[in-house]
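For reference, the structure discussed in these notes is given below.
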């Protein structure tokens, strides 16, 4: 692994280059993280509500959100995803 850092100390970033010939693993995402499908659903809800000047509360309470999610609250797809994960992979 090689780590490159800028010489300018005001830039707070680094570039990490892994050796592609050596195997490595990635940490599993937290169950509390939304899946890409859930994020796409919510993004569509925001678009239907109107992007300009919108807030999370406005999107959650919008009639278009309830219609698009078939009457469910926006949290329901995330909870359903978590439920599926825990049922498929019991501890």
Q: Within 10 Å of each residue's Cβ, count the other Cβ atoms and sort 10, 35 from fewest upward.
A: 10, 35
Q) How far apart, in nm, are the 7 Å Cα→Cβ label points at residue 16 and residue 60? A) 3.3
(Q) 7 Å from Cα along Cα→Cβ at both residue 40 and residue 52: what's the point-to-point distance in nm? (A) 2.8
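Laboratory data are not the source of any read-out in this text; all were calculated from the coordinates shown. Please read all numbers here as calculations on a predicted model, not as lab measurements. Quick reminder, even Gly has a Cβ in these numbers, built from the backbone with ideal geometry, and neighbours come from all protein chains shown.
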